[in-house]
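Down below is the structure, laid out as structure tokens.
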Amino acid sequence: MPELPEVEVTRLGVDPHISGKTVTAVIMRRAGLRWPFPPDLPDLLKTKTVLRTGRRGKYLLLFFANGTLLIHLGMSGHLRVVPAGSPAEKHDHLDLVFGEQAIRMTDPRRFGAVLWHDATDPLPLAEHALLKKLGVEPLEDNFNSELLYQATRQRKSAIKQVLLAGDIVVGVGNIYACESLFKAGIHPEKPAYKVNRKSYLLLAQAIRETLAAAIQQGGSTLKDFIGVDGQSGYFQQSYFVYDREAQPCRICAHPVQRIVQGQRSSFFCKHCQK
Ligand SMILES: [Zn+2]
């Protein structure tokens with residue numbers, strides 16, 4: 001599933017091909033994915049220029065003078081840059097054409113979404129139903145350990161669950177939560193309100209480093225955004241604990257443990273994480 005780093009790498013990959021460029025056609029090959037596509041999308045976008053790209057949580061944002069296009073990659077979606085008019089395959093559902101190039105949205109499981117927020121909407125984009133409950137961006141300056149500490153004083157649920165909830169900080173999915181908690185030495189089942197300031201300092205740093213490293217690693221695959229070879233911008237990292245049940249901890253060599261929290265696997269080292 002695309003996580004924040006994959007979405008950011010996707011943004012970095014498509015941005016040079018679309019920022020400042022004008023949409024010449026919109027090709028919708030089905031009525032929608034998770035939700036219907038805006039039926040008037042071709043009218044909204046044709047002859048309009050992408051002013052810039054952005055991202056909020058896992059939503060990719062394309063800013064136009066007349067509104068903002070929100071793209072979510074769902075469980076299996078990705079975007080590629082293709083020559084305009086190149087033959088579409090079964091799961092290629094949407095093309096935004098910019099003259100001789102297009103960005104093509106492919107999504108086999110169809111949990112992705114493409115939504116329009118019109119500039120005339122009285123509600124600001126930040127108040128959009130899908131965006132307004134999102135926590136702070138982990139790679140921006142307003143994310144820090146004091147925010148984590150203050151926001152968790154009443155939170156009795158496990159720190160891992162609080163990270164995944166996304167209402168304090170976005171983008172810390174299962175892999176990155178496991179890895180960040182390991183680096184910070186925090187047991188995933190520790191109640192969030194019991195984690196002290198010093199541990200939150202380590203955790204905030206670990207979250208930033210883990211996500212930044214994933215984005216940097218994904219950036220090395222950016223060339224794959226051009227071409228027709230399919231899978232773009234997703235990448236495997238070497239993890240400390242994630243998906244390493246029973247293998248030796250890379251720090252202390254004790255076997256990595258797996259437990260299930262909220263139907264998700266948590267991987268941790270009981271020796272290194274308290
Ligand atoms: Zn260990």
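The values are calculated or read from the model by the stated rules, or taken from the named source; none is laboratory data. Note that the structure is predicted; figures quoted are calculated from it, not measured. Cβ: placed from backbone, ideal geometry, glycine included. Neighbour counts: every protein chain shown.
Just checking: which of the strands (runs of 3 or more DSSP E) contained wholly in segment 1-115 hold 1 or more residues that are in contact with a His (Cβ under 7 Å, 6 or more places away or on another chain) and small (Gly, Ala, Ser)? If you could, list the steps in order and put the result at the bottom.
Working: elements: 25-28, 52-56, 59-64, 67-72, 78-83, 92-98, 101-106.
In segment 1-115, 67-72 are the strands (runs of 3 or more DSSP E) which contain 1 or more residues that are in contact with a His (Cβ under 7 Å, 6 or more places away or on another chain) and small (Gly, Ala, Ser).
Which residue pairs have Cβ atoms closer than 9 Å, lie 6 or more positions apart in sequence or on different chains, and pair a first residue in segment 108-123 that is within 30 Å of HIS91 (Cα to Cα) with a second residue that is assigned to a strand (DSSP E or B) and aromatic (Phe, Trp, Tyr)?
ALA113/TYR59; LEU115/TYR59
I need the full set of residues from segment 155-183 which are farther than 15 Å from LYS270 by Cβ and within 16 Å of the ligand (Cβ to nearest atom), in order please.
Matches in segment 155-183: GLU179, SER180, LYS183.
When you scan segment 112-143, how many residues do you find that are more than 30 Å from ASP40 (Cα to Cα), surrounded by fewer than 17 Cβ atoms within 10 Å (Cβ to Cβ) and either of a type in the set (S, T, N, Q) or touching a strand residue (DSSP E or B) at 6+ places or on another chain (Cβ under 6 Å) (or both)?
1
Determine if segment 167-190 includes at least one residue that is among the hydroxyl-bearing types (Ser, Thr, Tyr) and within 21 Å of GLU3 (Cβ to Cβ). Show your work before the answer.
Restricting attention to segment 167-190, the residues satisfying the condition of being among the hydroxyl-bearing types (Ser, Thr, Tyr) are 176, 180.
Narrowing further to those that are within 21 Å of GLU3 (Cβ to Cβ): 176, 180.
Yes, segment 167-190 contains a residue that is among the hydroxyl-bearing types (Ser, Thr, Tyr) and within 21 Å of GLU3 (Cβ to Cβ).
Of the residues that sit in segment 231-262 and are at pLDDT below 95 and surrounded by fewer than 12 Cβ atoms within 10 Å (Cβ to Cβ), which one is farthest from the ligand (Cβ to nearest atom)?
Result: GLN231.
Hey, among the residues in segment 181-213 that are in contact with a strand residue (DSSP E or B) (Cβ under 7 Å, 6 or more places away or on another chain) and outside any helix (DSSP H, G or I), which one's surrounded by the fewest Cβ atoms within 10 Å (Cβ to Cβ)?
PRO191
I'd like to check something: does segment 267-274 contain any residue that is modelled with pLDDT of 95 or more, closer than 22 Å to ARG55 by Cβ and within 16 Å of the ligand (Cβ to nearest atom)? Lay out the reasoning, then the answer.
Step one: of segment 267-274, the residues modelled with pLDDT of 95 or more are 267-274.
If we keep only those that are closer than 22 Å to ARG55 by Cβ too, we end up with none.
No, the conditions are met nowhere in segment 267-274.
Results for (1) β-branched (Val, Ile, Thr); (2) under 23 Å from LEU130 (Cβ atoms); (3) surrounded by 20 or more Cβ atoms within 10 Å (Cβ to Cβ), shown as yes or no for each residue.
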position	(1), (2), (3)
THR22	yes, no, no
ALA25	no, no, no
GLY32	no, yes, no
PRO36	no, yes, no
ARG56	no, yes, no
LEU61	no, yes, no
PRO83	no, no, no
LYS90	no, no, no
ASP107	no, yes, yes
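For VAL228, are the conditions met, namely being at pLDDT 95 or above, of a type in the set (A, V, I, L, M, F, W, C) and either in a loop (DSSP other than H, G, I, E, B) or away from the ligand (no atom under 16 Å from the Cβ) (or both)?
Considered against the rule, which asks whether it is at pLDDT 95 or above, of a type in the set (A, V, I, L, M, F, W, C) and either in a loop (DSSP other than H, G, I, E, B) or away from the ligand (no atom under 16 Å from the Cβ) (or both), VAL228 comes out as no.
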